[in-house]
2 protein chains.
Amino acid sequence: MAKAPVLTPQADDFPRWYQDLINKAELADNGPVRGTMVIRPYGYGLWERMQQELDGRIKKAGAQNAYFPMFIPQHYLTKEAEHVEGFAPELAVVTHGGGKDLEEPVVVRPTSETIINEYFAKWVQSHRDLPLLINQWANVVRWELRPRVFLRTTEFLWQEGHTAHASYEDARDYASMIHTDVYGDFMTNVLGIDVVLGRKTVKERFAGAINTLTLEGMMGDGKALQMGTSHELGQNFAKAFNTTYQLQGAEREYVWQTSWGVSTRMVGGLIMSHGDDNGLRVPPRLAAVQAVVLAIKGDDAVIAKVREIGARLEAAGIRTVVDDRTDTPFGRRAVDWELKGVPLRIEVGPRDLEAGTAMLARRIPGGKEPVSIDALAALLPGILEEDQALLLRQSRERREARTVDVKTIDECVEAAATGWGRISWADLGPEGEAKLAEQGVSVRCLVAADGSVPTSYDQDGNIAIVARAY
Amino acid sequence: MAKAPVLTPQADDFPRWYQDLINKAELADNGPVRGTMVIRPYGYGLWERMQQELDGRIKKAGAQNAYFPMFIPQHYLTKEAEHVEGFAPELAVVTHGGGKDLEEPVVVRPTSETIINEYFAKWVQSHRDLPLLINQWANVVRWELRPRVFLRTTEFLWQEGHTAHASYEDARDYASMIHTDVYGDFMTNVLGIDVVLGRKTVKERFAGAINTLTLEGMMGDGKALQMGTSHELGQNFAKAFNTTYQLQGAEREYVWQTSWGVSTRMVGGLIMSHGDDNGLRVPPRLAAVQAVVLAIKGDDAVIAKVREIGARLEAAGIRTVVDDRTDTPFGRRAVDWELKGVPLRIEVGPRDLEAGTAMLARRIPGGKEPVSIDALAALLPGILEEDQALLLRQSRERREARTVDVKTIDECVEAAATGWGRISWADLGPEGEAKLAEQGVSVRCLVAADGSVPTSYDQDGNIAIVARAY
């Protein structure tokens, strides 16, 4: 009789597989208020490592961290017309504070363009104050009617960058640099997800932006996930909040702005990109635990050896955990590490000691082989890099295999049943986009004919990538 | 004519000096909703460094980071009687979400004992799940009627640790270990504040705790600031949320819990401990910028030299910034770095180059002297450690000089006008404590006769430290 699978197989029911994995790998729980989530330590550890990697890149891009209040006076939201229209249906409103009804209700931030502009307007005086480059790590709230853990939650964690520049060109270039050098680099080289970088159509732009750049990943079921966005805000918020700087003489000019963000949604993207029927597979560069050294039995010599190996691997710069909890059966522990997607398992039993070898189990390609214990510290860094590259290659191969060139609305819908379609934007256009929307398919982004990010919405040869999306 | 001071002198008006410093050093602004604050990059940088230092210590103490929703169903708060009584007057309540009135209003967390117990009750089954050691970095909201930036704000940032243990002793020891080895070590050895560690009286305990341990610092005006607390919660929340673990057989036992937190209030404590009439003084171990290398003039050779010095100091492990913004007058920049409290300034002008020297200005002891440029990298680490030690010594000397032994209520009040009083707790007692409270003086903590943390509230020889407090 075959062993019952730990998770619902992906092929049977992908959404249920996703939920099973999140429960069994102890990544998150649903919160008590509908749409909220509890991020458990192992899931939060993934987010912490994402934060570390991104924070370094954001600081290199010249932005400084700051913190703005999460409570925003309701009237701020109404100052930018498109912005309020986009966010009004999703707001959480505090009407009562300190035992009293509030004179003006307060909104819990869904994003911080409005409150940040209130302060940028005070801080920016002359061109010397520009560019002003700020980033914030924070929680935000957007009331969700169809919540799904990590992907769409009423409260989520994110970073939001907000910048002000003296010229349109400067703002445009900064939004583009964040898109490619910060987000693109991080997602490709750390998350190992072969994201497509493109421009959003007018319909899919952020509420209040003049241009939105996006990174779209293909998940294991062929659907798309918007992994991050970088917006050119033009002077929309500057005009709403009177954020200006002084030119020669007394004349003042509105600043040009950008905003950009990625969130805990990326944890969901990681799971759905790399997970398989045995659980998660964490890219080695992201993993808080790159290798676990397991004692198969509670034998003194084995315990001593796993601890010694653990110390040697740590000394070699490999993030290592020693699992010597031998009062729990070895099989159960091995399945748990597999579920959690730790890239390498080094399994040591009494017989291995005699031979001077250990079993090395590689989670990413799969498979086990005996290796010399003395060779481990020298061997593993290369293996981790190989496995990192393999995840990215698998992500790319899936995207290529499941993306087809199409010409009609019907073909778009058919392509979106199993993957992505590529269609000439000149042929599809906003009308075709509206028709696709009726069937639950959206234009994820526009890319240029050569695959690069198009410099304009209506550039000749633009290709629309169409898909169903999370 | 004397130069107008940059800040209101401390001796003239300490609260106004504090507010001036926060504005001029660009640490924070008031938020638009009363009691909220905008933490500006330089202020946030202080908090980030505090987070880094604490996070490492918390992880070493075995706790793992996680994240719980900030929205708590209102009825959770009512489950623990003292807890709701303590926090009800300070709650912010969301009554409206996603365009609708909510069936049950939702409270924005003032602290997370309740929601965390809801999950601990699910996660803890057997003694193998204990101890369960969780920490969270988050924002919390307590509606403030008399807000003051960093010290008492409606929204603040903090970490909150929450643990569950199999026995009273285990929980007690863990709360004590956090108190001394995490908070005490951090505040003394990183913040350079000579905090007193003690127990709170029953009156001053956290709402829902059976014991509260505290760290109290003396500020520049002689008042006390509660810098952090660690609570034994006993089984109060475990009983309210039915958080139990299995004993032998089917019998179950309630867990014993702790919670502990420090917040952005510490930034206020840092300012009021070490600041002087020229601005902030940041302890070197905390400082994100330990040394700034200033070009006095925009001479090519000078610019090249400050960059070279900057690179050499960075290579020597000193966190260094190069200030070559010579379009701003040197004097203004020097005053600004002084305001911001960067420990060391290395000032380089054309004449210095010839002599191979630079002026070294030490913010903490004060004073300037020429030093050989070639000797800087070897010299500065020792100076930074000296200055770190000096801040702690000054903090201790102030506390000792302004603390007096007293015997009567009147003497307590008199002592609290300029500093702290020490009075026998057997003599003062809860009745004396109540009388002091009428005059705005509180018992900050109880310490044992030898200065250590007393093992009980009514231990023989306990001394009460009384003061006015922020």
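The values are calculated or read from the model by the stated rules, or taken from the named source; none is laboratory data. Keep in mind that what you see is a predicted model, and the values were worked out from it rather than measured. Don't worry about glycine lacking a Cβ; one is built from the backbone with ideal geometry, like all the others, and counts go over all protein chains shown. Accessible surface areas use protein heavy atoms only, side chains included; no ligands, DNA or RNA. Shrake-Rupley method; radii C 1.70, N 1.55, O 1.52, S 1.80 Å.
Tell me which residues, restricted to the range A:418-433, are free of Cβ contacts under 8 Å to residues at least 40 places away in the same chain and surrounded by fewer than 22 Cβ atoms within 10 Å (Cβ to Cβ).
Of everything in the range A:418-433, those that are free of Cβ contacts under 8 Å to residues at least 40 places away in the same chain and surrounded by fewer than 22 Cβ atoms within 10 Å (Cβ to Cβ) turn out to be A:ALA426, A:ASP427, A:GLY429, A:GLU431, A:GLY432.
Only one residue in A:ARG307, A:ARG333, A:ARG285, A:ARG351 is in the same structural domain as A:LEU379 (by TED's automatic domain parsing) and under 27 Å from A:ASN23 (Cβ atoms). Which one?
Step by step, each of A:ARG307, A:ARG333, A:ARG285, A:ARG351 is checked, and only A:ARG333 is in the same structural domain as A:LEU379 (by TED's automatic domain parsing) and under 27 Å from A:ASN23 (Cβ atoms).
Can you tell me how many residues within the range A:355-413 are touching a Phe, Trp or Tyr at 6+ places or on another chain (Cβ under 9 Å) and in a helix (DSSP H, G or I)?
Total satisfying the criteria: 1.
Conditions (1) of a type in the set (S, T, N, Q); (2) within 21 Å of B:GLN52 (Cα to Cα); (3) touching a Gly at 6+ places or on another chain (Cβ under 8 Å); (4) not assigned by TED's automatic domain parsing to the domain that holds B:TYR18, marked per residue:
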position	(1), (2), (3), (4)
B:ALA138	no, yes, no, no
B:ARG142	no, no, no, no
B:PRO147	no, no, yes, no
B:GLU160	no, yes, yes, no
B:ASP181	no, yes, no, no
B:MET187	no, yes, yes, no
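When you scan the range A:438-456, do you find a residue that is at pLDDT 95 or above and part of a helix (DSSP H, G or I), even just one?
yes
When you go through B:GLN19, B:GLN64 one by one, which is the residue that is surrounded by fewer than 18 Cβ atoms within 10 Å (Cβ to Cβ), within 8 Å of chain A (Cβ to nearest Cβ) and within 22 Å of the chain's Cα centre (by Cα)?
B:GLN64
Counting only residues that are more than 19 Å from B:MET218 (Cβ to Cβ) and among the polar types (S, T, N, Q), how many does the range B:360-405 have?
The total comes to 1.
How about the range B:251-323: which strands (runs of 3 or more DSSP E) wholly inside it have at least 2 residues that are open to solvent by 10 Å² or more (accessible area, probe 1.4 Å)?
Correct list: B:252-254, B:256-263, B:320-323.
Taking the residues in the range B:22-53 that are part of a helix (DSSP H, G or I) and under 26 Å from B:TRP143 (Cβ atoms) as candidates, determine which candidate is nearest to the other protein chains (Cβ to nearest Cβ).
Start the filter on the range B:22-53 by keeping residues that are part of a helix (DSSP H, G or I), which leaves B:22-24, B:41-53.
Those still in the list that are under 26 Å from B:TRP143 (Cβ atoms) too: B:22-23, B:43-44, B:46-47, B:50-51.
Details: B:ILE22: 14, B:ASN23: 11, B:GLY43: 8, B:TYR44: 5, B:LEU46: 11, B:TRP47: 8, B:MET50: 13, B:GLN51: 10 Å.
Across the range B:22-53, the extreme among qualifying residues is B:TYR44.
Being crowded, with 24+ Cβ neighbours inside 10 Å and without any contact (Cβ under 8 Å) to a residue 40 or more places away in the chain is the filter here; which residues of the range A:172-189 pass it?
Within the range A:172-189, no residue meets the criteria.
Among (1) modelled with pLDDT under 95; (2) in contact with a His (Cβ under 6 Å, 6 or more places away or on another chain), which single condition is B:LEU391 missing?
Every listed condition holds for B:LEU391 apart from (1).
May I ask you to list pairs of residues, at least six apart or on different chains, whose Cβ atoms are under 9 Å apart, with the first in the range A:39-54 being touching a residue at least 60 places away in the same chain (Cβ under 8 Å) and the second being of a type in the set (Phe, Trp, Tyr) and not in a helix (DSSP H, G or I)?
A:ILE39/A:PHE150; A:ILE39/B:TYR67; A:ILE39/B:PHE68; A:GLY43/A:PHE150; A:GLY43/B:TYR67; A:TRP47/B:TYR67; A:GLN51/A:TRP137
Test A:ALA61 against the stated conditions and say whether it is farther than 18 Å from A:ASN139 by Cβ and of a type in the set (Gly, Ala, Ser).
yes
Out of the residues in the range A:331-347 that are under 26 Å from the mean Cα position of the chain (by Cα) and of a type in the set (Asp, Glu), state the one that is surrounded by the fewest Cβ atoms within 10 Å (Cβ to Cβ).
Of everything passing the filter in the range A:331-347, A:ASP336 is surrounded by the fewest Cβ atoms within 10 Å (Cβ to Cβ).
Which number in (1) surrounded by fewer than 21 Cβ atoms within 10 Å (Cβ to Cβ); (2) without any contact (Cβ under 8 Å) to a residue 40 or more places away in the chain; (3) farther than 27 Å from A:GLU90 by Cα marks the one condition that B:PRO105 misses?
Only one criterion is unmet by B:PRO105, namely (3).
For the subset of the range B:109-160 comprising residues that are within 17 Å of the chain's Cα centre (by Cα) and of a type in the set (Asp, Glu), which member is farthest from B:GLN19 (Cα to Cα)?
B:GLU160
Of these, A:PRO89, A:PRO110, A:PRO69, A:PRO73, which one is surrounded by fewer than 17 Cβ atoms within 10 Å (Cβ to Cβ) and in contact (Cβ under 8 Å) with a residue 24 or more places away in the chain?
That would be A:PRO89, the only listed residue that is surrounded by fewer than 17 Cβ atoms within 10 Å (Cβ to Cβ) and in contact (Cβ under 8 Å) with a residue 24 or more places away in the chain.
Within the range B:42-52, identify whether any single residue is of a type in the set (D, E, K, R), open to solvent by 50 Å² or more (accessible area, probe 1.4 Å) and out of contact with any Gly (no Cβ under 7 Å at 6 or more places or on another chain), and answer yes or no.
No; the residues of the range B:42-52 include none that is of a type in the set (D, E, K, R), open to solvent by 50 Å² or more (accessible area, probe 1.4 Å) and out of contact with any Gly (no Cβ under 7 Å at 6 or more places or on another chain).
How many of the residues making up the range B:190-214 are without any contact (Cβ under 8 Å) to a residue 40 or more places away in the chain, open to solvent by 20 Å² or more (accessible area, probe 1.4 Å) and not hydrophobic (A, V, I, L, M, F, W, C)?
Result for the range B:190-214: 1.
Can you tell me which condition B:GLY217 does not meet? The list is (1) of a type in the set (Gly, Ala, Ser); (2) open to solvent by 10 Å² or more (accessible area, probe 1.4 Å); (3) closer than 19 Å to B:VAL447 by Cβ, and all the others hold.
(2)
Applying the selection to the range A:146-171, what residues are closer than 30 Å to A:VAL33 by Cβ, open to solvent by 20 Å² or more (accessible area, probe 1.4 Å) and touching a residue at least 24 places away in the same chain (Cβ under 8 Å)? Give the steps one after another, and end with the answer.
Pass one, the range A:146-171, residues closer than 30 Å to A:VAL33 by Cβ: A:146-162.
From the residues that got through so far, the ones that are open to solvent by 20 Å² or more (accessible area, probe 1.4 Å) too are A:146-148, A:152, A:156, A:158.
Scanning the range A:146-171 gives A:PRO147, A:ARG148, A:ARG152, A:PHE156, A:TRP158.
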